[in-house]
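Engineer: I'd like to ask some things about the structure below.
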Amino acid sequence: MTEKRKVPVETPLGAETVMPDCVEKILQRLNQHGFEAYVVGGSVRDLLMGKKPSDWDVCTSAEPDEIKRCFADCRTLDIGIKHGTVAVLTEEMTVEITTYRVDGLYTDGRRPDSVTFTKSLTEDLARRDFTVNAMAFHPGEGLIDPFGGRADLQYGQIRCVGEPDKRFSEDALRIMRGLRFSSVLGFEISAGTAAAMGRWVSLTEKVSRERISVELSKLILGFDVDRVTAEYGDILKAIVRGFRPVPVAAFPNRLSVRLAAVFPENTETCLRELKFSSRIVSEAACLNRLIAGTPPQTPVEIRKLLAKEGEEAVSLYFSVLGRERELREVQESGVCFSLPRLAVNGKDLMDAGVPRGKEVGKILSELLNLVIEEKLDNDRDVLIKYLQGRTEL
Ligand code: ATP
Ligand code: MG
C-alpha cells in the first residue's frame, strides 16, 4: 500500500541558525537551573524539513512549579498546569514548556485519566503520536531520535511510535492526525499504521467533534489531500458523517470552499455537527446553493447576484468557477451593485415624501435593480427624479 520514496529528502538541521533567540535562552535558563530542556515535537519536525516552525514547544525535566521558579522574572501562564504545561511570555513570542510526562490509562479513548511526570526524555517521546513528532533537539546535544523519526522523515513516512493498535486505541484522534500529517506533509502512512487506523475507526465516535474538525480542516487544506482522500476515503467517511472523498486540490485553498466540496449534501447540518463557526457554515452552505443553480452570464446577472448574496459569497463562488477576473471586472466597472453604494438612501426617500416603513426598502431595491440593469444612472438627482415621476407623492 505504501511504497517508500526512493530519494531521501534533505534534512538540514539548521536549528542553530533558525531557532529564535528567546527559545535558545529558555533552554539555557532551564539548563542553568540543573534541568534538561529540549525543543520537541512539531518544531523539530519542521526544523528538520527546513521549514519555519509555526510554534516552538519545549519539554523539560523541571516540574511546573520549578519551571515557574526559573522564569520568576517573566510573565508565565498556567495554561495546562495539570498536564505540566506552563507558557512563558517573551517579547518575541509565547513558548509552551511542558514537563516530561507519561500518559496514564485512556479509559475513554479520548484523553488520559491522568498524567505522571517523569525524568526520562525517552519516556516523554514515547507517548507522542508519530515518529516524526517524537524527536527532541538541543543546540549543544543535537538531535535525540530514539524512534527513527529522522529516517521516516527522510522517506516521507507517517508511522506510530510503538504498537499502532495500542496507540489508536488510547486516543482515536490520532487516526485523524495521521491522515492530516499525511496530507499536509505529503507523506505515505506506513502499512502497519494504516491497517491499524482501519481497525480503530469506530472509537473516533468518542472524540470531540471540535478536535476532529481541527484536523479535518488541516487535512483538506493540505497539498496532498487528494491522495489521502482517495486512499483513506472509507476511513474518513466512517469518522465524519456526510464526508465525500472527492478531489479538491484543484479548488482554491479556502476552508469553506473545500468543505463545501467534501460536504455536497446537507452541508449546513454536517458542518454544524462538526462545530464549525457560523461564518464557515454559512459560506460553505451558500456556496453549494449557488453551485446547484445556473451560473450568471452577463454583467447584469453578476451584479444581481452580488446584490443578493454579497461580495464575499460571490467571490468564493467565482473562484470555484475559475472566473475571478470576470468578477473583478464587474466589481471595478463602477456600476453600483449594492445598497450602501446607491446614490440615495432611506432618508433621501423619506425627504422626498416616501412614508417611513416597508415601502422605503422596497423602493430602494427597485432603484438598485434599475441601476444594476443600467436603466438609470447611479446619480442622486436622476434617482429622485425617477422616484417623483414613478409615484404620486
Ligand atoms: P502543528 O505543526 O500542526 O502544530 P504539531 O506536531 O506541533 O503540528 P501539535 O498538536 O501542536 O502538533 O502537538 C505538539 C506535539 O505534541 C506533537 O508533535 C506530538 O509530539 C504531540 N501530540 C499532540 N497531539 C498528540 C496526540 N493526540 N497523541 C500523542 N501525541 C500528541
Ligand atoms: Mg504544534
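Engineer: Any residue in region 138-152 that's over 22 Å from P20 (Cβ atoms): show its pairings with residues that are open to solvent by 40 Å² or more (accessible area, probe 1.4 Å) and not in a helix (DSSP H, G or I) at Cβ separation under 6 Å, as long as the two are six or more apart or on different chains.
Structural biologist: D152/R159
Engineer: Moving on to the next point. Of all residues being within 25 Å of S208 (Cα to Cα) and open to solvent by 60 Å² or more (accessible area, probe 1.4 Å) in region 82-100, which is nearest to the chain's Cα centre (by Cα)? Just the residue, please.
Structural biologist: Here the residue is E96.
Engineer: Kindly indicate whether K362 is open to solvent by 50 Å² or more (accessible area, probe 1.4 Å), touching a helix residue (DSSP H, G or I) at 6+ places or on another chain (Cβ under 8 Å) and assigned to a helix (DSSP H, G or I). Full working, then the answer.
Structural biologist: Values: open to solvent by 50 Å² or more (accessible area, probe 1.4 Å): yes; touching a helix residue (DSSP H, G or I) at 6+ places or on another chain (Cβ under 8 Å): no; assigned to a helix (DSSP H, G or I): yes.
Answer is no for this residue.
Engineer: Looking at D108, D103, D124, D129 in this structure, which one is modelled with pLDDT of 95 or more and open to solvent by 10 Å² or more (accessible area, probe 1.4 Å)? Spell out how you get there, then give the answer.
Structural biologist: Details: D108 fails: modelled with pLDDT of 95 or more; D103 fails: modelled with pLDDT of 95 or more; D124 fails: open to solvent by 10 Å² or more (accessible area, probe 1.4 Å).
Step by step, each of D108, D103, D124, D129 is checked, and only D129 is modelled with pLDDT of 95 or more and open to solvent by 10 Å² or more (accessible area, probe 1.4 Å).
Engineer: With within 15 Å of G42 (Cβ to Cβ), among the aromatic types (F, W, Y) and within 27 Å of the chain's Cα centre (by Cα) as the only criterion, which of F168, F137 stands out? Break it down into steps so the answer makes sense when it comes.
Structural biologist: Details: F168 fails: within 15 Å of G42 (Cβ to Cβ).
Every option except F137 fails the conditions.
Engineer: For G156, which of the numbered conditions (1) more than 17 Å from F181 (Cβ to Cβ); (2) in contact with a strand residue (DSSP E or B) (Cβ under 7 Å, 6 or more places away or on another chain); (3) surrounded by fewer than 21 Cβ atoms within 10 Å (Cβ to Cβ) fails to hold?
Structural biologist: (1)
Engineer: What number of residues within region 29-47 satisfy the criterion of being of a type in the set (A, V, I, L, M) and either within 12 Å of ligand 1 (Cβ to nearest atom) or under 19 Å from the mean Cα position of the chain (by Cα) (or both)?
Structural biologist: The initial filter retains those residues of region 29-47 that are of a type in the set (A, V, I, L, M), namely 30, 37, 39-40, 44, 47.
Retained after the next criterion (residues that are either within 12 Å of ligand 1 (Cβ to nearest atom) or under 19 Å from the mean Cα position of the chain (by Cα) (or both)): 39-40, 44, 47.
Counting residues in region 29-47 that are of a type in the set (A, V, I, L, M) and either within 12 Å of ligand 1 (Cβ to nearest atom) or under 19 Å from the mean Cα position of the chain (by Cα) (or both) gives 4.
Engineer: Restricting to region 249-258, give me the number of residues that are free of Cβ contacts under 8 Å to residues at least 40 places away in the same chain and either within 19 Å of R211 (Cβ to Cβ) or crowded, with 20+ Cβ neighbours inside 10 Å (or both). Before the answer, list the steps.
Structural biologist: Here is the first cut: in region 249-258, the ones free of Cβ contacts under 8 Å to residues at least 40 places away in the same chain are 249-250, 253, 255, 258.
Then drop every residue that is not either within 19 Å of R211 (Cβ to Cβ) or crowded, with 20+ Cβ neighbours inside 10 Å (or both), which leaves 255, 258.
Total satisfying the criteria: 2.
Engineer: Quick check on region 224-240. Is at least one of its residues within 13 Å of ligand 1 (Cβ to nearest atom), of a type in the set (A, V, I, L, M, F, W, C) and not in a loop (DSSP other than H, G, I, E, B)?
Structural biologist: Among the residues of region 224-240, not one is within 13 Å of ligand 1 (Cβ to nearest atom), of a type in the set (A, V, I, L, M, F, W, C) and not in a loop (DSSP other than H, G, I, E, B), which makes the answer no.
Engineer: Give region 106-134 a look and list any residue that's under 24 Å from the mean Cα position of the chain (by Cα) and closer than 18 Å to R45 by Cα, or say none.
Structural biologist: R128, D129, F130, T131, V132, N133, A134
Engineer: A further question on this structure: From the list S213, S208, which residue is open to solvent by less than 20 Å² (accessible area, probe 1.4 Å) and either at positive phi or in contact (Cβ under 8 Å) with a residue 60 or more places away in the chain (or both)? Working first, answer last.
Structural biologist: Numbers: S208 fails: open to solvent by less than 20 Å² (accessible area, probe 1.4 Å).
Step by step, each of S213, S208 is checked, and only S213 is open to solvent by less than 20 Å² (accessible area, probe 1.4 Å) and either at positive phi or in contact (Cβ under 8 Å) with a residue 60 or more places away in the chain (or both).
Engineer: Would you confirm whether or not region 262-278 contains a residue that is without any contact (Cβ under 8 Å) to a residue 60 or more places away in the chain, open to solvent by 80 Å² or more (accessible area, probe 1.4 Å), of a type in the set (V, I, T) and over 15 Å from Y317 (Cα atoms)?
Structural biologist: The answer is yes; a qualifying residue exists.
Engineer: If we scan region 251-258, do we find a residue that is assigned to a loop (DSSP other than H, G, I, E, B), aromatic (F, W, Y) and more than 23 Å from G156 (Cα to Cα)? Before you say what the answer is, go through the steps one by one.
Structural biologist: Of all residues in region 251-258, those assigned to a loop (DSSP other than H, G, I, E, B) come to 251-254.
Next, only the ones that are aromatic (F, W, Y) stay: 251.
This time we only want the ones that are more than 23 Å from G156 (Cα to Cα), so: 251.
Within region 251-258 (the criterion being assigned to a loop (DSSP other than H, G, I, E, B), aromatic (F, W, Y) and more than 23 Å from G156 (Cα to Cα)), the answer is yes, since at least one residue qualifies.
Engineer: Just name the residue that is nearest to ligand 2 (Cβ to nearest atom) out of those in region 18-39 that are closer than 17 Å to C70 by Cβ and open to solvent by less than 30 Å² (accessible area, probe 1.4 Å).
Structural biologist: The residue in question is V39.
Engineer: Can I ask one more? Return the total of residues in region 42-70 being more than 15 Å from R101 (Cα to Cα), more than 16 Å from ligand 2 (Cβ to nearest atom) and either in contact with a Lys or Arg (Cβ under 8 Å, 6 or more places away or on another chain) or aliphatic (A, V, I, L, M) (or both).
Structural biologist: Summing the residues that are more than 15 Å from R101 (Cα to Cα), more than 16 Å from ligand 2 (Cβ to nearest atom) and either in contact with a Lys or Arg (Cβ under 8 Å, 6 or more places away or on another chain) or aliphatic (A, V, I, L, M) (or both) in region 42-70 gives 1.
Engineer: Would you pick out the residues in region 283-299 that are in contact (Cβ under 8 Å) with a residue 12 or more places away in the chain and open to solvent by 40 Å² or more (accessible area, probe 1.4 Å)? Let's see the steps before the verdict.
Structural biologist: Start the filter on region 283-299 by keeping residues that are in contact (Cβ under 8 Å) with a residue 12 or more places away in the chain, which leaves 283-288, 290-291, 295, 299.
Answer for region 283-299, where residues must be in contact (Cβ under 8 Å) with a residue 12 or more places away in the chain and open to solvent by 40 Å² or more (accessible area, probe 1.4 Å): I291, P295, P299.
Engineer: Continuing with this model, one more query. Give the residue that is surrounded by the most Cβ atoms within 10 Å (Cβ to Cβ), with candidates limited to residues of region 51-81 that are within 16 Å of ligand 1 (Cβ to nearest atom) and farther than 13 Å from I26 by Cα.
Structural biologist: Kept after step one, since they are within 16 Å of ligand 1 (Cβ to nearest atom), are these residues of region 51-81: 51-60, 79-80.
From what is left, the residues that are farther than 13 Å from I26 by Cα are 51-55, 79-80.
Working: K51: 13, K52: 9, P53: 20, S54: 8, D55: 12, I79: 12, G80: 14.
If we take residues in region 51-81 being within 16 Å of ligand 1 (Cβ to nearest atom) and farther than 13 Å from I26 by Cα, then P53 is surrounded by the most Cβ atoms within 10 Å (Cβ to Cβ).
The values are calculated or read from the model by the stated rules, or taken from the named source; none is laboratory data. Quick caveat: nothing in here was measured; it's all calculated off a predicted structure. Positions of Cβ are backbone-derived with ideal geometry, glycine not excepted, and every protein chain shown enters the neighbour counts. Ligands, DNA and RNA are excluded from the accessible area calculation, which covers all protein heavy atoms including side chains. Shrake-Rupley method; radii C 1.70, N 1.55, O 1.52, S 1.80 Å.
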